[in-house]
Each structure stands twice: as structure tokens, then as C-alpha cells.
Amino acid sequence: MITTFRIRRFNPETSPSMPYFQEYKLDTDRADTVLDALIHIRETLDESLTLRCSCRGAICGSCAMRINGHAALACKTKVQAMASERGIVQVEPMNNMPVIKDLVTDMAGFWEKVRQVQPWLQPAGQEPEAEYLASAESMNHLTGVMGCIMCGACVSDCAALEVDERFVGPAALAKAYRFVADPRDGAGRSRLLALNEPGGMWDCTRCMECIEVCPKGVGAMDRIMSLRGQGIQAEVPSTCGARHAEVFADLIYRKGRLDEPMLAVRTFGLRNLSRLLSLLPMVLRAFVRGKVPKTGPFHRAIPGLEKFRRLFQRMEERP
């Protein structure tokens, strides 16, 4: 099968150093992975093509890159599955990270965010004579998140990081959950307090892309939601993020659908005039386009609301 690989190239040593796409045609086998093809291109067509790889077995995570617009491990992605009807596969470096050359990105920022959540066990109390013990059940629960190989795929495609570089990101938050949920760790509250700050667990936009692209099924967004729940249970100081979650649920309970203007007002608070006034330009643009949603008494509850509320009550009664 003749496949065209459309690869995004970048060489910082050329002038001007601007990224561009270069195409290579290659005869590929149905068993070939994208990494097989890229290595073949480098060895036979263009030795200047730069990429990072190591184990070739979806273990080290070093060959993470964007394939057809989404992050993936090149060693785990079959060419045949990704080729379009015209036989084209587009390959780019990971997003949300500076590009060093071609498909190689600088992951220093990624590791800095992981270090930010203090990814090590911090037990409290007297040190045991032997070792810290944890139940098999609790460790089995952590097996999924401990399977993270730190490839950076979730960070590459994180929509929140794309607009706010302060956000600690899905990989670091999943790592934080691994220790908050560990019964041997004694720093759970201080971890939650740190994650309660801007850039922490409340800044996830729940786009689910981190779940879609994770090659190991870590489910970073689910871990972030669990962190939020634990933060509320631990009664961390109320922030806009926490209030947003609480008000969101309360509005849905009362009307069965979201009253968006009321969500903003109750999240930021009536006294937070500066924050509310900052929303005015957006509201005016929506008004001009006839997209200002109804609110207050004009925002009616859905039919059959009682059935909906019973679902809420059933969830609240769950242990």
C-alpha cells in the first residue's frame, strides 16, 4: 500500500525557522506502525527527519506525537488504521510543548508540572518498624492511574492548557490523585488545598480529550473529577471552581436544565462586580446575535422534573 506521510517539519537552525509540511511516499505493509514508517523514511529517504523513540512496545512513551490531529503513540498506531481514503497520514509534534526539531518536543515544562504536585508518598505519624501497609483493595483501585507512562499525550491535546499555561494539566493531576487516594499518604488535605488554587483541579474544562488519547486508559479527567469531589468533602476553601460545580448541580436539580446566566452570577457572587462586569463584552456580543439565554422566571423547568429529582436524591443516598 502506497501511503503518503505528511510530516510537520521544523529546523531551528534554518533562517527563517518556520514550521512547514513535507510529504513522503512510502510502500507500507498492513502490519506497519506509524513509527515503523517514520524510521523507514529516516533510514531510506531523509536522514534529517528527527523523532524520538525507544522501546517500540508502548511502554516508554517516548514516541508520542500527533497523528491525524490527535496525540498517540506512533509505535502503537497502525498505518492502515490511520490512512485516509487518499492514503494520507498526517504526523505532527505534540501540542502544548515547545518544538525542538521536527517531531521532538521539549518536555521540561511537562516534568515541572508533575513535580509541582509533589509526586511522592508523604506518610504521617510514627514510622512503622517494617513497611507502610495498604490493603489490596486500595492498591487495586490505584492500578489504573499507576499505569501512566508519562508520555504526555493527554497534555498535548488538553484544551485547557492550550488557553491557560498555568493549568497544571491532566497528567500531573492524575499523578496527584494517585497519592491523594493512597491510604498510606498523610498529606491529602495539603495536596487538595494546593490543587484548589488557580491552575489546579478546577481549571479542567472536561473536554474528555485526555481520556480519548491516553494509550494506557488512565482516565485523567475521571481522576480530576474525583479530586474535586474529595476537595468538597474535605471542605477546602470555596473557590469559583468549587462554587461552579455546586451551583451547576443545584440549577440542574431545580430546573432539569442549565440556567447559564444564573450559573455565572451565583458562581462569581453578586458582590464580585469586577468579575461580573468583565463578562459584559461577551454578553453584548451574544445579545447582538440573539444568543442570550433566558434566565430567572423566564427559564422554565423541564416537564417531568420530579423523576429527574429522584435520580439526584438516589445519587445522594449512595454510600
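The values are calculated or read from the model by the stated rules, or taken from the named source; none is laboratory data. Computed from a predicted structure; not experimentally measured. All Cβ positions, glycine included, derive from the backbone under ideal geometry; neighbour counts span all protein chains shown. Remember, those area values only see protein heavy atoms, side chains included, never the ligands or the DNA or RNA. Shrake-Rupley method; radii C 1.70, N 1.55, O 1.52, S 1.80 Å.
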I need the full set of residues from segment 31-56 which are crowded, with 16+ Cβ neighbours inside 10 Å, assigned to a helix (DSSP H, G or I) and of a type outside the set (A, V, I, L, M), in order please. Asp36, His40, Arg42
Subset of segment 260-292 that is touching a helix residue (DSSP H, G or I) at 6+ places or on another chain (Cβ under 9 Å) and farther than 27 Å from Ser238 by Cα - its residue that is least open to solvent (accessible area, probe 1.4 Å): Val292
Against the definition (open to solvent by less than 100 Å² (accessible area, probe 1.4 Å) and among the hydrophobic types (A, V, I, L, M, F, W, C)), how does Phe298 come out, yes or no? no
So, restricting to helices (runs of 4 or more DSSP H) that lie completely within segment 259-319, which ones have at least 1 residues that are in contact with a His (Cβ under 8 Å, 6 or more places away or on another chain) and under 17 Å from Glu246 (Cβ atoms)? 260-268
What's the total number of residues in segment 182-203 that are in a loop (DSSP other than H, G, I, E, B) and open to solvent by 20 Å² or more (accessible area, probe 1.4 Å)? 6
Any hit, segment 204-219, residues being at pLDDT 95 or above, farther than 25 Å from Ala74 by Cα, open to solvent by less than 20 Å² (accessible area, probe 1.4 Å) and part of a helix (DSSP H, G or I): no
Lone qualifier among Gly231, Gly199 - being more than 18 Å from Asp182 (Cα to Cα) and more than 11 Å from the chain's Cα centre (by Cα): Gly199
Tabulated pairs, segment 235-252, first β-branched (Val, Ile, Thr), second open to solvent by less than 70 Å² (accessible area, probe 1.4 Å) and in a helix (DSSP H, G or I), C-beta under 7 angstrom, 6+ apart or interchain: Val236/Leu192; Val236/Leu193; Thr239/Trp202; Val247/Leu263; Val247/Thr267
